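To start, the structure under review is shown below, and the notes come after it.
The values are calculated or read from the model by the stated rules, or taken from the named source; none is laboratory data. Keep in mind it's a predicted model, so treat the numbers as computed, not measured. Positions of Cβ are generated from backbone atoms using ideal geometry, with glycine treated the same way; all protein chains shown enter the neighbour counts. In case anyone asks, the SASA skips ligands and DNA or RNA and just uses the protein heavy atoms, side chains included. Shrake-Rupley method; radii C 1.70, N 1.55, O 1.52, S 1.80 Å.
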Amino acid sequence: MSSVSTTAPNGARPVRRTWRLPITPLIGFGIVITYVSCALFAPWLAPYGEYQVVSDVPFGPWNSQNLLGTDQLGRDFLSRLIYGARNSMGIAFATTVVAFLIGGFIGIAAAAIRGWFDQVICRFVDSVMSIPDLVFTLMLLAIFGSSVWNLVLIIAALDSTRVFRISRAAALNVATLEFVEAAEARGEGVFWKVRHEILPNIMPILISEFGMRFCFVFLTIAALSFLGVGLQPPTAEWGSMVRDNAALINSGDITPLIPAGAIALLTIGVNFVADWLLGKSSGAQDV
Amino acid sequence: MQIITSTDVVTKLLAQRLALGLLSMFVVSVVIFVAVNSLPGSFAAAVLGQSATPEAVAAFNQKLGLDQPLVSRYLTWLSATVTGDFGTSFTNRPVSTMVMPRLWNSLKLAISAALIAVPLAITLGAICVRFVNRLPDRILSATTLSTISLPEFFIAYLLILVLAAKLQLLPSLSTIRGSMGFADQAIRMILPVLTLVFVTLAHMMRATRAALLNVMAQPYIEMARLKGEPETRIILRHALPNAIGSIASVVALNLAYLIAGVVVVEAVFVYPGIGDTMVSAVSNRDIPVVQACALIFSAAYILLNLVADIIAIASNPRLMHAR
Amino acid sequence: MSDRKIVLEIRGLIVEAMLAKASVTEIVKGVSLELREGQVLGLVGESGAGKSTIGLASMGYFKPGCSPVAGEISFCGSSLLEISEAERRSIRGVRAAYVAQSAAASFNPSKRLMDQVVEAAVSRGELQRVDAELRAVELFRSLQLPDPESFGRKYPHQVSGGQLQRAMTAMALMCDPELIVFDEPTTALDVTTQVEVLLAIKAAIEERGVAALYISHDLAVVAQIADEVAVLRYGEIVERGPVTQMLESPVHPYTKSLWAVREMHGGSHPSRGRLLDVSGIEASYGAFKVLQDIEFTIERGQTVALVGESGSGKSTLGRVISGLLSPESGTVHLGEEALPRKANDRSRDMLRRVQLIYQSADTALNPRQKVSKIVGRPLSFFHGMRGAKKRSRMVDLMNMVELDPSYLDRFPTQLSGGQKQRVAIARALAAEPELIICDEITSALDQVVQAGILKMLDELQERLGVSYLFITHDLEVVKAISDRVVVMSGGRIVEQGPKSEVIHAPSEEYTRRLLNAVPQMSPGWLDGLVSRQVPNASVTSREPVRLSR
C-alpha cells in the first residue's frame, strides 16, 4: 500500500507552447479596433464635414480632393463613410446594451427563480418570437415612425427576447448543477446564488453572445436604412449610403459597394472574435 | 407499466404541435392587432392628415368601424381575415388584390432558393464531416465563417457588379410581369435566387456539420467503425438519420430567415414580391397593408416551424416506436 | 497451450494521445502480450490505465487523437500497423469483433437491432441477408434472449440494458471471428443483471473456443472468465499470470492494493443516542411513486449504509432528508427537532447540522471558485468567521482531509478526482455538521483512492463523532464502513439491521440475491453460482429486479 501513490505521474510533455493568438481572432481584433478608432476620431480623420457639400457634381469620380468621389448631393464620400462608422456602430452598440440590460436581467432572474414567473415570461417571449424580427420591426416602425429613439427602442425590445432566451438557457444549465443545489441546501439567497455561483460561469457565453447580437442589430439597422425606413437623411449611415448610390453599380462603379463591404467586414471581424471567445470559454474547463 | 402504442403517442404529439401552432397564430394576430391599434394619434389622422376636420374624422372612423370597442373590432377583423379579406388599403384598394399576386411571386423566389440551398447545404455539410479537419473541411468552414453574416445587399450588389455590369450575362433588375414567358421570368429570377442561396447556405451548412459531428462523437459510430464499415457509409447510414431532427429545425429557421431576407433582396432587384410591397407600405404608413403582410409572414414562419417539429418527431425512433 | 496458433501478438506498443493544450502524453508505454486460439486473457486496471486503448489497438483501431508511435500488432500473422486501412476494415467485424462497455450507447438508436446485428456480415458479403437473419436468431436463442424470432425487430430503446449487452455479443459472434475484444461489457449493469450477462458471455466463448481479450476494472469479474490476467497501470503491464496465481499470491504491491477496499472492516461504533429519525416518508416525481413507507433511524457517531440497485430510490431518500425534495407525507426528526420538509423553511442551524456530499465532485464544486472560497463560504455563512481566524480554520480543514493547504489557492479543475472529493468533504466538515449524507461519493473513484477516502472518513468519525448516511450500490463499501445496513428496492426498505446480520444472515430473498450476485474473488464463483442456483434458477432465468427509468 505504501508504495502506491494516489496521483498519476504527470507524463504529459508539451508539443509547442505558444501563447500567440490564432490568426482569425487576431484579424478580428484588428478590424474591430480600426472601426472603433474611426468612430471615436471621426471629426479628426474625415477630410470634410458629415453634411458638407463639396462639389457641384453629384456622383463625382474618385480624385485627389475626394478620394472616393462624391455622393448624389455632391458630399465627400470618404468623410461620410467615416462619420457613418460613428452613427451605425454607435446606435447598434446602444441598442445592444439596452437589449442586454433588459433580456439578460430577466433571463437570469427567470432561471434563478423559476416557477410561474419563468413560465409566464417564456410563453410571452415565445409568441413574440414567432413573428420574424425584420417584419415585426418594419410593422412597428410603420406604426410609430422612424425616429432614432423609436429605432433603438423597437430593435432593443425585440432583440431582448433573443438575449432572454440565451441568458436563461445558459443560467439554467448552471443553475441545475449540484454546486448551485449545494448553495441552496446551505440556505443562500437568490442574489448570492446569481452573483457568486451562476454569473461567473455564464459570463464568457454572455460576452460572446454580445458580439453576435451586436452584429445582428448592426445588420438590422443597416438593412432598415437600406430599405429607407431606418436612420433618416441627412445622417450618414452605411446602409442608406448603399441605397442612395446604388445606381452607380450598373455602370460598373464599385463605390456603393464600399459601405456595404465596410458592414460586411465588421461583421466578419466581430464573428471571428466571438467565435474564438466561445471556443476559449468552452475549452477553459480542461486547463 | 401502462401500454401505450406508438401511434397514440405520435398522434397526441402531432395534435399538441398543431394546437400550439394555432395558438401561436392566435397570439400573433392579437399582438399585431393591438400594435396597430396603439398607433399614436389615430388612423384618421394618419390617413387624412393632421389638418382634417373633426367631421371628416368622425365620418372616416364610422366608415372603418373604428368607433366600435376594441374586442369587437378584433373579432370582425379576425373573421374577415380568415376568409382572405384583409380590408381596404389607405389607397382605397382591397388589400388582398394588392398582396396575393405578390405573395405568389415571393413564394416562387423563396421556394426556388430553398430547393437549391437545402440539398446543397446538407451535401456540403456531409462533405465537411467526411473530411473533417482536412483541406475540404478547412476551406468550407473558413469560407462559411466569414460569409455567415454578410448583409444581403452586399452579396446582391456584388453579384450584380460581376454578373450583370461586368460580364453582362444577366439582367440586373428583376421586374417580372405575368405577361412574360416562363424563360424570361426565370432568367430575371436567377440573381435574386442566387443571393438568397448564398445568404442561407453558410448557416445551414455549418449547422449540418455541427449536428453530424455531434452524432459522429457517439459510441455507436465508433462501434460501426469497429464493425469495419467504410466512413462514407457510416455518415450516410448511421449518422445522418440521427441528425435529421436537428438539421430540420435549423433548415426551418433558415427558411424563415429566407422570408425576411426576401424583403431586402426584393428591394435590391425591384422584384414585385410581398416584401417589396411591405416596404413601400411602411414608407407610406399604409397600415392595413403592413398589417396583412406581417400576418402572412408570421403565418409562414409558424408553418415552417411546425413542419420542422413534425420532421423531428418522425425521425425520432423513441417516439415512433414506443416501448 | 503453447502449441496452439497465436491469434494476437502485441510487441512493445507505445500509444500517444493529444491533450487539449497541444501536448501529448504516452497512454500505453511499451506493452507486449500474446493471445492464442481458445485463450481468454483478462486485462485489469483502473480508469486511465490504457486498457481500452490496448483493446481497440488489437483491432488496429485508435481513437481520434491517439496514435501508435512504436511497436507492432500482429493479427493472425498480418501486421495491423502496416497494412492499409481498407485491409484493416476487412478484418474488423468479420475476423475480429468488439463488444463495447455501454451497449445502450453503442447501438444506433434509429436502426432496428437486426439491421445492426447482421450489418457487417451482409455488407462484407459473408452471408446473404436471409441466412444472416437466421443465424442471428440462432445466436439470440443461444444467448437466452426473449422471443428470439421477433427480438431483432425491436429498436435499442425497447429492450433492457442486459439484453442489449447480450445482443451486442450476438453481433460480435455473427461472422465466427477469431478474436473478440470485450471492453468492460458488464460495468454499466446492475449486479444482478451482470451475473446473467457474464454467464451468457462465458458460455458463448467456451462453446466456440474463440480467443478473447476481456477488459475490466474488476478483478473478481475477470477471474470468472479469463484463463490468464494481466494487470495494467499507467500504460504498463505490472504483473501477468494465471488467474489462480494472481488471486492467491500476487507479487506486485499494486496488484495487492487492487482489493484494498475488500480488506477494510470498519464499523462497530458505540451508539451515543438517537440522531435522526425518519418515519412514514412517501415521495413521488410527478405521478411516479419513488418512496413508500420509509422508516429508519441513525444513531449519533454511527454509519448507516443505504444499499440498492439503480432506481431503488436510495438517492431520493438522501434528497428528502436534506430538504431538497419535499415528501408528500412523513416526518424527519433531527435530535428532538422536527425538520420542515423544504430546505427553504429550515433554520440556518438546521441546515448546518445536515450536510450532503455528491457523487460527482466535478459538478458539485463551482469551477470558477477557488478552493478557499468553496471551503471558506460555510465558515462565514454558518459561523460568521472572517480574516485570520477563517484562514487558520481553512488550513485545519485541509489538514483534516489530508490535502496540502497550498491547494486553497487552486481551482477545482487543477485537482484530481480524489482531491476534488476531499475538497467537497472539507466543505461539508466546515459547517460542523452532525450528519453527513454521502451519496455514492466514492463510486466514480479508483479503488486505491476510494480506500483512502473511506479510511479518512472513518478516522474523522472517531475524532468528531459525526454520523454518516452512506448511500451506495457497492456492497464492498458497505462492508468496509457501516454499522447498520438498510436495503432498498423499488422505493421501499426491504430489510434493515446491524451489518453482521444483514450481510451474513440476510432474512429476505432480495437481499440474498443481491449479495449472491456480487462477484467473489475466486475463479469458481460463477460456475458454483449456477450449480447452487439450479433448484430455483432465480439469477439466470428471471428478469432481474429493475424499475423503469
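Calculate the FRET efficiency for A:Gln65 and A:Asp126 from the Cβ-Cβ distance with a Förster distance of 41 Å, rounded to the nearest 0.05.
Details: r = 56 Å, r/R0 = 1.35.
For A:Gln65 and A:Asp126, the calculated efficiency is 0.15.
For the range A:24-76 versus the range B:232-282, the inter-centroid distance based on Cα atoms is 35 Å.
The lysines within cross-link reach of B:Lys166, meaning a Cα-to-Cα straight distance under 29 Å and a gap of 8 or more places when in the same chain, are B:Lys108. Once the C-beta distance of C:Asp147 and C:Gln292 is scaled by a Förster radius of 35 Å, the resulting FRET efficiency is 0.60 to the nearest 0.05. How many percent of the alpha carbon pairs in chain C exceed a separation of 31 Å? The answer is 54 percent, as a whole percent.
Here the label points at B:Glu231 and C:Ser279, each 7 Å from Cα along the C-beta direction, are separated by 6.8 nm in the simple model.
Computed 3J(HN,Hα) for the range A:63-73, one whole-Hz value per residue from the Karplus formula 6.51 cos²θ - 1.76 cosθ + 1.60 where θ = phi - 60°, is 8, 5, 6, 10, 3, 10, x, 10, 8, 5, 10, glycine and proline marked x. Helical content of the protein assembly as shown, expressed as a calculated mean residue ellipticity at 222 nm, amounts to -17500 deg cm²/dmol (DSSP H runs of 4 or more residues, -39,500 (n - 2.57) each, divided by residue number, nearest 500). A loss of 40 Å² or more of accessible area (1.4 Å probe, protein heavy atoms, ligands and nucleic acids excluded) relative to the isolated chain is seen in these residues of the range A:178-194: A:Glu178, A:Phe179, A:Glu181, A:Ala185, A:Arg186, A:Trp192. For C:Lys390, a cut-off of 12 angstrom between C-alpha atoms picks up no aspartates and glutamates at all, skipping any fewer than 8 places away in its own chain.
Carbon and sulfur atoms: what percent of the 1.4 Å accessible area of the range C:300-388 do they account for? Write out the running numbers ahead of the final one.
Details: 1450 of 3370 Å².
Solvent-exposed carbon and sulfur of the range C:300-388 make up 43 percent of the total.
For C:Asp474, the amide hydrogen comes within under 5 Å of no other amide hydrogen, counting only partners 5 or more places away or on other chains and with H modelled in the peptide plane. In a DSSP loop and with at most 15 other Cβ atoms within 10 Å, the GluC sites (Glu not before Pro) in the range C:285-347 are C:Glu328, C:Glu336. Ordering C:Gln359, C:Val99, C:His333 by the projection of their Cα atoms onto the charge dipole of chain C, which places +1 on the Cβ of Lys and Arg and -1 on the Cβ of Asp and Glu, puts C:His333 at the extreme positive end.
Going by accessible area, probe 1.4 Å, with all protein chains left in place, what is the ranking of C:Asp396, C:Asp439, largest first? Walk me through the numbers on the way to the answer.
Working: C:Asp396 75, C:Asp439 25 Å².
Solvent-accessible surface, decreasing: C:Asp396, C:Asp439.
Accessible surface area normalised per residue over chain C is 38 Å², counting heavy atoms of protein chains with a 1.4 Å rolling probe.
Cα extents for the range C:6-259 along the principal axes, largest to smallest and rounded to whole angstrom: 50, 42, 38.
For the range C:269-361, which trypsin sites (Lys or Arg not before Pro) are in a loop by DSSP, counting at most 15 other Cβ atoms within 10 Å? Each step should come with its number before you reach the end.
Working: sites: C:Arg272, C:Arg274, C:Lys289, C:Arg300, C:Lys314, C:Arg319, C:Arg341, C:Lys342, C:Arg346, C:Arg348, C:Arg352, C:Arg353; in loops: C:Arg272, C:Arg300, C:Arg341, C:Lys342, C:Arg346.
Taking the range C:269-361 and a limit of 15 other Cβ atoms within 10 Å, the loop trypsin sites (Lys or Arg not before Pro) found are C:Arg272, C:Lys342.
Taking the protein heavy atoms of the range B:96-314 in the context of the full set of protein chains, the accessible area attributed to carbon and sulfur is 69 percent at 1.4 Å.
Separation of the range C:456-522 and the range A:176-216, taken as the distance between their Cα centroids, equals 39 angstrom.
Could you tell me which of B:Thr232, A:Gly189, C:Met400 has its Cα farthest along the dipole of the protein assembly as shown towards the positive end, charges placed at Cβ (Lys, Arg +1; Asp, Glu -1), taken about the Cα centre? Result: A:Gly189, furthest along the dipole toward the positive end. What shape does chain A take by its C-alpha gyration tensor, where a ≥ b ≥ c are the square roots of the eigenvalues and a/c under 1.5 counts as rounded, a/b above b/c as prolate, and the rest as oblate? The shape class here is oblate. Rg and Dmax of the protein assembly as shown, both derived from C-alpha coordinates alone, stand at 35.0, 114 Å.
For chain A, what does the relative contact order come out to in percent, with C-alpha contacts under 8 Å and a separation of six or more? 23 percent. Here the Karplus curve 6.51 cos²θ - 1.76 cosθ + 1.60, taken at θ = phi - 60°, turns the phi angles of the range A:250-263 into couplings of 5, 9, x, 8, 8, 3, x, 6, 5, x, 4, x, 4, 4 Hz, with x standing for Gly and Pro.
Summary value for chain C: 15 percent relative contact order, contacts being C-alpha pairs under 8 angstrom separated by 6+ residues. Approximating the spin labels as points 7 Å out from Cα along Cα→Cβ, the C:Glu508-to-A:Val36 distance works out to 6.5 nm.
Amide H contacts of C:Ala70: C:Ile14, each under 5 Å away and 5 or more positions distant or on a separate chain (H built 1.01 Å from N in the peptide plane; Pro and chain starts excluded). Which of the aspartates and glutamates could a cross-linker span from C:Lys289 if the Cα-Cα distance has to be under 13 Å and same-chain partners fewer than 8 positions apart are dropped? Candidates past the 8-residue exclusion: C:Glu328.
Note: relative contact order over the range C:6-259, using C-alpha pairs below 8 Å and six or more positions apart, is 28 percent. For the range C:425-511, carbon and sulfur atoms together expose 44% of the accessible surface, with a 1.4 angstrom probe and every protein chain in place. For the range C:6-259, what is the percent of antiparallel DSSP beta bridges, rounded to the nearest 5? Within the range C:6-259, antiparallel bridges account for around 60 percent of the total.
Please compute the net charge surrounding A:Glu237, taking Lys and Arg as +1 and Asp and Glu as -1 over other residues with Cβ under 15 Å from its Cβ. Net charge around A:Glu237: +1.
Cross-link pairs exceeding 27 Å in C-alpha to C-alpha distance, out of C:Lys256/C:Lys455; C:Lys63/C:Lys314; C:Lys63/C:Lys370; B:Lys227/C:Lys111, comprise C:Lys63/C:Lys314; C:Lys63/C:Lys370.
Here the translational diffusion coefficient of chain B follows from Stokes-Einstein with Rh set to the Kirkwood radius across Cα pairs; for 25 °C and 0.890 mPa s it amounts to 107 µm²/s. Using θ = phi - 60° in the Karplus curve 6.51 cos²θ - 1.76 cosθ + 1.60, the 3J(HN,Hα) couplings for the range C:189-199 round to 9, 5, 4, 5, 6, 3, 4, 4, 5, 4, 4 Hz; x is entered for Gly and Pro. The range C:11-63 and the range A:218-279 have Cα centres lying 56 Å from one another. Taking amide H atoms as placed 1.01 Å from N in the peptide plane, the amide H of C:Leu356 lies under 5 Å from those of C:Ile437, each 5 or more residues away in sequence or on another chain. Looking at the range C:8-93, the trypsin sites (Lys or Arg not before Pro) that sit in a DSSP loop and have at most 16 other Cβ atoms within 10 Å of their own Cβ are C:Lys21.
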